[in-house]
Every structure is written in structure tokens, then in C-alpha cells.
1. How large a share of the accessible area of region 56-120, in percent, is made up of carbon and sulfur atoms when the probe is 1.4 Å and the other protein chains stay in place?
2. With every protein chain kept in place and ligands, DNA and RNA left out, what is the accessible area per residue of the chain? Probe 1.4 Å, answer in Å².
3. Along region 6-14, what does the Karplus equation 6.51 cos²θ - 1.76 cosθ + 1.60 (θ = phi - 60°) give for ³J(HN,Hα), rounded to whole Hz, x for Gly and Pro?
4. Given a Förster distance of 30 angstrom, what is the FRET efficiency for D73 paired with K43, based on the Cβ-Cβ distance and rounded to 0.05?
5. Charges only on Cβ, +1 for Lys and Arg, -1 for Asp and Glu: so what's the dipole of the chain about the Cα centre, in debye to the nearest 20?
6. Multiplying the sequence separation of Q3 and S106 by 0.36 nm and subtracting their Cα-Cα distance, what value in nm do you get?
7. Lysine pairs in region 1-119 with Cα distance under 22 Å, only those 8 or more apart or on different chains: how many are there?
8. What full-extension length gain, to one decimal in nm, is calculated for S52 and S123 as 0.36 nm per residue of separation minus the Cα-Cα distance?
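The values are calculated or read from the model by the stated rules, or taken from the named source; none is laboratory data. Everything quoted here is computed from the prediction, not taken from an experiment. Glycine also receives a Cβ, built like all others from the backbone with ideal geometry; neighbour counts cover every protein chain displayed. The protein model used for the area step is the full one, side chains on, heavy atoms only, and it has no ligands, DNA or RNA in it. Shrake-Rupley method; radii C 1.70, N 1.55, O 1.52, S 1.80 Å.
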Amino acid sequence: QVQLVESGGGLVQAGGSLRLSCAASGLTFSSYAMGWFRQPLGKEREFVARISWYGASTYYADSVKGRFTISRDNAKNTVYLQMNSLKPEDTAVYYCAAKMGSGSNSYNNYDYWGQGTHVTVSS
């Protein structure tokens, strides 16, 4: 049974930082590209960042480029999202997702999802 468990969300002031983690189990983690998506209240889920299975390639949404950093530790079956210079518009539920093989910016292409972690950025 595949499980993706996010953690690290919370309430932070604008300009602050948070580090999200996503621990994976039940799959060969190093065979999966990993992505972070977010869904603001009342809006559609959107791409945030993704990382290749071997960790050498990363991609970001324009809205977070230069502020967020995705990384992974295949020995720990964990993917991270370091979020700096947070803005109120970053407020959302953040989800990690796993996709066999190469990654994608489209949430429809992912095989497994976590339950999400809430991030609230106050102004």
C-alpha cells in the first residue's frame, strides 16, 4: 500500500519560511518523479515544483521560482519543499505526488497523492 505523508505546514507571517516534507512508503521511491502541488481555497489545484527521480532536474512554477526549492533524499524516501519569502498568496493546501518515470506539471498525470498539509501566510 502506497502512502505519501506530508508534514511541516502551519501558520507563518509574510516573509517567513517553512519546510514541507513528504515521506513515502510502499513504493520504489527512486523510480518516481515527485511533485508538489497546491490548492488555494475555492480554486483549482496548481503545480508548484517537481523533481526527477534521480534529483538532478527540478522545475518550478513561475510564481514560486527563486523562493521555493524542491529536493529529495532517496535514502530516506522523502521529498522536501523549502519555502522562503512566503506571501499571503502562497496560502493553500500543499500536496505531494508521485509519478512513475519522468515528471509532469499536470496533476492528472500523477499516480499517488498525499493527504495534504495546510500552509497559511498572514500579511
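1. Details: 1440 of 3210 Å².
Looking at region 56-120 in its full context, I get 45 percent from C and S.
2. Values: 6160 Å² over 123 residues.
In whole numbers, the chain has 50 Å² accessible per residue.
3. 8, 7, x, x, x, 9, 9, 7, 3
4. Details: r = 31 Å, r/R0 = 1.02.
Calculated value: 0.45.
5. Charge dipole, the chain, about its Cα centre: 140 debye, nearest 20.
6. Working: separation 103, 0.36 × 103 = 37.08 nm, distance 2.02 nm.
Working it through step by step, the gained length comes to 35.1 nm.
7. Lysine pairs satisfying the spacing and distance rule in region 1-119 number 5.
8. Full-extension gain reported as 22.2 nm.
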